[in-house]
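To start, the structure itself, in structure tokens.
The values are calculated or read from the model by the stated rules, or taken from the named source; none is laboratory data. Quick caveat: nothing in here was measured; it's all calculated off a predicted structure. Note that each Cβ is placed from the backbone with ideal geometry, even for glycine, and that neighbours are counted across all protein chains shown.
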Amino acid sequence: LVLPRQAVPDISVTSPSYRESLGRGAYFVQTTSNAICRIFATGSELHLALKVARELEDEYSIDIDVVSFPSWEIFEKQDPAYKSSILDCNCLKVSIEAGVAQGWHKYIGERGIAISVDAFGRSGSPEDLSVHFKFDVTTIKQRIIRKLSTFNGIPEWFQKSGI
């Protein structure tokens, strides 16, 4: 049983068994057929990732995959085909971690975005702190859209859309 410090909503979209989810170290929580972005998140950040994905899909009709990535160590023990199913895509990869970005580039690549909080010591409401650290839905969406606009390998219609 793992409990976060802050209140987080229940994520009812996850239904795979332990063996096919946490037992693999990383698993799809949301998958689409034509994703141009794949977001990796852990723990309480998974809700944030799903919200960012949902809003980008609603606002820009972008297909986005979301992967829960609770354990690098367990994931590294998986067979190459499974690891490939999680990591291989011709899309922008984004990690969301309320901690340091260190380690994420192995999974998101050089062109990916590591959204993290590399500074600590502030106090305030969770909402104010998320804005201060640029860890809020609006800022994350802006970073993804900005990166997608320069990303090779995304559909031509997106590049021409002027987003």
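Looking at segment 39-97, which of its residues are closer than 19 Å to R146 by Cβ and among the small types (G, A, S)?
If the condition is that a residue be closer than 19 Å to R146 by Cβ and among the small types (G, A, S), then A49, A53, S61, S95 are the ones that fit.
For F151, are the conditions met, namely being surrounded by fewer than 13 Cβ atoms within 10 Å (Cβ to Cβ), part of a loop (DSSP other than H, G, I, E, B), at pLDDT below 80 and not aliphatic (A, V, I, L, M)?
Criteria not met by F151.
Residues are listed down the side, and each one gets a yes or a no for (1) out of contact with any strand residue (DSSP E or B) (no Cβ under 7 Å at 6 or more places or on another chain); (2) assigned to a loop (DSSP other than H, G, I, E, B); (3) at pLDDT below 90:
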residue	(1), (2), (3)
V100	no, yes, yes
D118	yes, yes, yes
E127	yes, no, yes
K134	yes, yes, yes
F158	yes, no, yes
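Could you please give the count of residues in segment 71-98 that are assigned to a loop (DSSP other than H, G, I, E, B) and of a type in the set (A, V, I, L, M, F, W, C)?
3
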